[in-house]
């Protein structure tokens with residue numbers, strides 16, 4: 001099936017996202033993995049796939065159809081796929097596109113429209129400025145902690161003041177580090193959403209009750225979407 005969208009991404013972006021996906025393979029223990037949030041659709045009912053934990057001895061994160069979760073098998077099938085399986089599949093497809101760019105850059109690389117490009121560039125630059133500023137502040141706070149210890153040892157501040165200032169400093173440190181982590185996630189998700197329009201998960205059940213899952217990735221570039229069966 002031919003993708004009708006103009007190419008939107010260059011090979012550098014493919015490589016960058018590939019590295020980020022590899023470094024962020026495992027999702028957090030709570031909440032939906034932001035990389036795939038809003039991208040996953042059920043191939044049969046069109047609803048989104050939501051993430052949850054299995055009740056196994058060693059819980060796994062899985063995606064399943066929102067309709068199935070709410071109304072049961074009479075309305076749709078589960079469309080169950082493990083996060084790890086989805087991650088590996090998407091990463092492999094991104095790598096394939098990166099290799100294709102080496103062979104024929106003109107067929108893969110393209111340009112965003114001026115308006116869209118300016119908007120995304122502005123958003124990214126704002127996030128990067130915020131990251132840099134927060135990183136500098138974290139460095140200052142780390143030096144402040146060292147200075148507080150030195151002042152306490154030298155008797156320049158009381159133990160009570162030390163504890164008060166230390167608590168305040170450590171609280172700000174924790175908040176900034178959490179903010180930096182969230183900002184980095186936003187950058188990753190923004191890149192992924194430039195690459196991928198949606199990920200459609202199809203499920204068929206054979207006469208012997210065997211489930212067959214296939215994943216269809218609609219990229220914002222040619223020559224995709226890719227459709228491939230997976231196990232998971």
Using a Förster distance of 35 Å, the FRET efficiency for residue 55-residue 92 (Cβ separation, nearest 0.05): 0.75
Pairwise label distance in nanometres, residue 168 with residue 212, each label 7 Å out on the Cα-Cβ vector: 6.6
Per-residue Cβ neighbour rank within 10 angstrom, fewest leading, 58, 218: 58, 218
Extended-chain gain in nm, criterion 0.36 nm per residue less alpha-carbon gap, residue 142 and residue 175: 10.5 nm
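Quick note: the coordinates plus some simple rules give every number you see, no bench work behind them. This is a predicted model, so every value here is computed, not measured. Here Cβ is always computed from backbone atoms with ideal geometry, including for glycine, and neighbour counts include all displayed protein chains.
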